[in-house]
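Step one of this worksheet: look at the structure below.
What follows is calculated from the coordinates using simple rules that are stated; it is not laboratory data. Owing to the predicted nature of the structure, the values given are computational and were not obtained by experimental measurement. FYI the Cβ positions are ideal-geometry reconstructions off the backbone, even for glycines, and counts take in every protein chain you see.
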Amino acid sequence: MLSTVNFSALKRPLIVLFCFWHMAAVAIFVMPTALQQTVIGRARASVYPWIAPYMFVTSQWQQWNLFSPNPLRKVTNYVLQAKTGGRWKDIADFNRSTIQVWRRADELKILRTIEDKNKLLSPIAERFLREQCARVAVGTSLRLIYRSYVLPPLLKPLPPVWWRTYVPEKSDVPGAITRCPPLARK
């Protein structure tokens, strides 16, 4: 007779193990990058490839500075460009769309993650671009541009007149690039 496994006896230790895994993953993920030259920083770098996918899938990637007294001041637009006539031309801005922004949250989250972890996630960036090939002609080169600007740090609130005349200094940083493949023949 085969022995049966008592799953109810395993339930509690598995839940405890998962809680420890989750707490360790969060702690390691949010560890400051300033510790890179220390033993702890090198240990973090070795386990990060296993922890990062879990953090991104469970939407735990936001860090404290998003809600801190000194919030992020960088504003980024994700722009898709196609090469036509030897020049790059904007064909889509993923932040500005006729679809409500909250319905595009997953897409923007992927783009932000790709921007932050560009080298680590380059296969995902290339796949994202290949999916965008439906927007353009076959054989066209596509690239992702991170068009950003940083709001100035303010010691005191400024009047609306200043904000109406403020023109930020924008910079374009090229991201992933790919060439749209030819369509498969049936």
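To the nearest 0.05, how large is the calculated FRET efficiency for residue 131 and residue 171 if R₀ is 35 Å and r is the Cβ-Cβ distance? Plugging the Cβ-Cβ distance into 1/(1 + (r/R0)^6) gives 0.85. Over 28 Å apart at the Cα level, from the set 89/156; 89/109; 109/170, are 89/156. Sorting 167-175, 24-32 by average packing, meaning the other beta carbons within 10 Å per residue, from highest down gives 24-32, 167-175.
Where does the stretch 10-65 land on the Kirkwood hydrodynamic radius, alpha-carbon pairs, in angstrom?
Taking every pair of different Cα atoms in the stretch 10-65, averaging 1/r and inverting gives 12.2 Å.
Residue ranges 39-46, 122-129, 85-92 sort as 122-129, 39-46, 85-92 when ordered by packing (mean number of other C-beta atoms within 10 Å per residue, highest first). Taking amide H as placed 1.01 Å from N in the peptide plane, the amide H of residue 91 sits under 5 Å from that of 80, 81, 82, each at least 5 places away or on another chain.
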